[in-house]
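Worksheet for the structure shown next.
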Amino acid sequence: MAKTRVVILGGGFGGLAAAKALGSGKDGKDFDITVVDRHNYQTFLPLLYQVSTAGLAADHVAYPIRGVLRKVNGKFRMGSPISVDHKNKTVKLDSSEVLPFDHLVVALGSVTADFGTPGVEEFALGMKTIHEALQIRAEVMRRFEDLCRFEDDTEFNITVVGGGPTGVEMAGALAELVRGPLSNDQKHAARHINISLVEAGPRLLPMFDEDLSEKTKRVLEGMGVKVLVNTAVKEVEWRNIDLKSGEQLKSEVTIWAAGVKGSPAMQALSLPLDAGRLKSAQTLEVVNYPNIWGVGDVTGAKSSNGRFLPMVAPVAMQQGRFVAAQIRRAVKGEKLKEFKYKDKGAMATIGRHKAVVQVKKIKFSGFPAWFTWLFLHLFYLMGGRNRIGTIADWCWNYVTFDRGNRHIMDSM
């Protein structure tokens with residue numbers, strides 16, 4: 001009997017979850033699985049900000065996709081999709097290779113969303129790839145080295161735009177980098193580094209209860225971060241940010257963590273879109289396209305309140321495993337089920353011994369939340385080598401109050 005050919009576009013959390021779920025089990029050998037991604041590694045996005053702030057080495061948050069697929073007898077192709085022939089059920093890659101499929105899983109992930117704000121693409125740094133993380137680290141360290149040349153009151157201003165978990169974690173990690181390692185390197189220069197966190201809404205971490213949001217704001221301010229809420233960005237310029245209030249904010253390095261959107265690579269697939277996402281039924285099948293499935297940040301599946309599901313890793317992983325089960329049902333001719341997201345809570349780390357966790361009505365912060373954050377991120381991090389390397393870096397940082405990854409290693 002011929003194997004069911006499954007092509008998965010995207011090797012992130014959702015795509016690899018689908019591949020692993022399909023390739024495991026008694027019938028795993030019945031599927032011919034091919035994962036396509038423009039990188040040959042998966043990036044562990046929740047820890048990317050630690051690469052940006054010299055807390056982790058870049059290779060500790062990357063894991064070879066082939067290493068994952070080897071365990072499920074899957075194949076990998078490095079490239080990006082440029083077209084889909086829906087009649088003949090084939091997808092063409094930018095390498096000119098054409099892959100036939102019986103089921104196509106679209107898990108292309110997301111990119112930084114600028115919400116139409118002028119200057120973001122030219123003058124701000126995103127937070128979605130290892131390259132961007134290394135670029136942020138290099139820019140911060142390069143500006144610090146420039147500052148070390150002066151003995152006057154020249155200042156270096158860093159602005160993080162976006163008060164969600166990524167922005168909060170980035171601002172907190174930058175504050176610890178400045179107060180610890182950089183202060184030890186050159187105290188006068190470190191004293192003249194200013195960090196601001198800008199949020200357009202009324203509070204930080206809007207997905208958390210208000211008391212945890214307020215606690216996060218107080219902790220960040222205690223670490224020296226200037227927190228600006230109800231502050232919308234009008235335009236990002238070179239070394240400057242124009243605010244909608246008419247004020248200006250000096251910013252030599254602007255880090256954009258204000259949101260994400262579905263990958264523009266979807267435009268090449270000739271599939272229906274809904275507000276920038278694939279128009280998907282609750283079964284995760286793309287509307288009017290049976291045997292094509294949406295997973296993760298690109299899918300338009302909604303929660304019970306009618307809103308799109310958040311673009312976070314837990315959603316992508318649950319959907320990946322769910323789509324694997326749906327494909328099995330489709331192959332057997334069984335009725336498809338509807339996806340229901342099981343929200344397991346949210347967490348954000350602010351700094352050393354500082355974090356917040358909320359699981360439905362259960363809330364806690366401080367050291368217990370920080371330890372929970374550490375454990376869960378290590379649990380989901382792929383690869384024994386990456387876990388050991390991350391633990392080693394964290395232990396070194398914790399014991400010595402130092403960060404050994406303060407290298408300027410971008411392409412300049």
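The values are calculated or read from the model by the stated rules, or taken from the named source; none is laboratory data. Computed from a predicted structure; not experimentally measured. Note: ideal-geometry Cβ built from the backbone for every residue, glycine included; neighbour counts use all protein chains shown.
Going by the conditions given, is Phe339 at positive phi, among the aromatic types (Phe, Trp, Tyr) and in contact with a helix residue (DSSP H, G or I) (Cβ under 8 Å, 6 or more places away or on another chain)? Don't jump to the end; show me each part of the working.
Numbers: at positive phi: no; among the aromatic types (Phe, Trp, Tyr): yes; in contact with a helix residue (DSSP H, G or I) (Cβ under 8 Å, 6 or more places away or on another chain): yes.
So Phe339 fails the test.
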note = Restricting attention to segment 55-76, the residues that are within 29 Å of Tyr289 (Cβ to Cβ) and buried (at least 17 other Cβ atoms within 10 Å of the Cβ) number exactly 6
remark   = Considering residues that are closer than 24 Å to Leu376 by Cβ, among the polar types (S, T, N, Q) and buried (at least 19 other Cβ atoms within 10 Å of the Cβ), the number found within segment 300-331 is 2
query = What strands (runs of 3 or more DSSP E) lie completely within segment 95-158 and have 2 or more residues being over 15 Å from the mean Cα position of the chain (by Cα) and crowded, with 19+ Cβ neighbours inside 10 Å?
reply = 103-106
query = Scanning for something within 21 Å of the chain's Cα centre (by Cα), among the polar types (S, T, N, Q) and at pLDDT 95 or above, does segment 317-325 turn up at least one residue?
reply = yes
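Among the residues of segment 261-287 satisfying the criterion of being part of a loop (DSSP other than H, G, I, E, B) and not aliphatic (A, V, I, L, M), which is farthest from Ala113 (Cα to Cα)?
Taking segment 261-287 as the starting set, the residues that turn out to be part of a loop (DSSP other than H, G, I, E, B) are 263, 270-272, 275-276, 279, 281-284, 287.
Narrowing further to those that are not aliphatic (A, V, I, L, M): 263, 270, 272, 276, 279, 282-283.
Values: Ser263: 10, Ser270: 22, Pro272: 20, Gly276: 11, Lys279: 19, Gln282: 25, Thr283: 27 Å.
Restricting to residues being part of a loop (DSSP other than H, G, I, E, B) and not aliphatic (A, V, I, L, M), the top hit is Thr283.
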inquiry  = Tally up the residues in segment 293-322 that are touching a residue at least 60 places away in the same chain (Cβ under 8 Å) and either basic (Lys, Arg) or over 18 Å from Gly12 (Cβ atoms) (or both), please.
reply    = 1
query = Restricting the first residue to segment 146-171 and requiring it to be without any contact (Cβ under 8 Å) to a residue 60 or more places away in the chain, which pairs with a second residue that is charged (D, E, K, R) and surrounded by fewer than 24 Cβ atoms within 10 Å (Cβ to Cβ) meet a Cβ separation below 8 Å and a spacing of at least six or different chains?
reply = Cys148/Asp185
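For segment 1-93, list the strands (runs of 3 or more DSSP E) that sit wholly inside it and hold at least 2 residues that are in contact with a Phe, Trp or Tyr (Cβ under 9 Å, 6 or more places away or on another chain); which are they?
4-9, 31-37, 41-43, 62-64, 90-93
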task = Kindly provide the set of residues from segment 377-408 that are more than 16 Å from Leu47 (Cβ to Cβ), touching a helix residue (DSSP H, G or I) at 6+ places or on another chain (Cβ under 6 Å) and of a type in the set (A, V, I, L, M, F, W, C), ordered by number.
result = Phe401, Ile408
query = Can you name the number of the only condition in (1) farther than 27 Å from Gly276 by Cα; (2) in contact (Cβ under 8 Å) with a residue 40 or more places away in the chain; (3) among the small types (Gly, Ala, Ser); (4) not in a loop (DSSP other than H, G, I, E, B) that Ala325 fails?
reply = (1)
key: Among (1) farther than 25 Å from Ser24 by Cβ; (2) in contact with a Gly (Cβ under 9 Å, 6 or more places away or on another chain); (3) hydrophobic (A, V, I, L, M, F, W, C), the one test that Phe367 misses   = (2)
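Yes or no, residue by residue, for (1) surrounded by 14 or more Cβ atoms within 10 Å (Cβ to Cβ); (2) in contact with a Lys or Arg (Cβ under 7 Å, 6 or more places away or on another chain); (3) aliphatic (A, V, I, L, M); (4) at pLDDT 95 or above:
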{"position": "Leu204", "(1), (2), (3), (4)": "yes, yes, yes, yes"}
{"position": "Glu210", "(1), (2), (3), (4)": "no, yes, no, yes"}
{"position": "Arg218", "(1), (2), (3), (4)": "no, no, no, yes"}
{"position": "Leu228", "(1), (2), (3), (4)": "yes, no, yes, yes"}
{"position": "Ala232", "(1), (2), (3), (4)": "yes, yes, yes, yes"}
{"position": "Ile241", "(1), (2), (3), (4)": "yes, no, yes, yes"}
{"position": "Lys244", "(1), (2), (3), (4)": "no, yes, no, yes"}
{"position": "Leu249", "(1), (2), (3), (4)": "yes, no, yes, yes"}
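Take Glu338 and decide whether it is buried (at least 16 other Cβ atoms within 10 Å of the Cβ), farther than 23 Å from Asp32 by Cβ and either touching a residue at least 24 places away in the same chain (Cβ under 8 Å) or of a type in the set (A, V, I, L, M, F, W, C) (or both). Give the derivation first.
Details: buried (at least 16 other Cβ atoms within 10 Å of the Cβ): no; farther than 23 Å from Asp32 by Cβ: yes; either touching a residue at least 24 places away in the same chain (Cβ under 8 Å) or of a type in the set (A, V, I, L, M, F, W, C) (or both): yes.
No.
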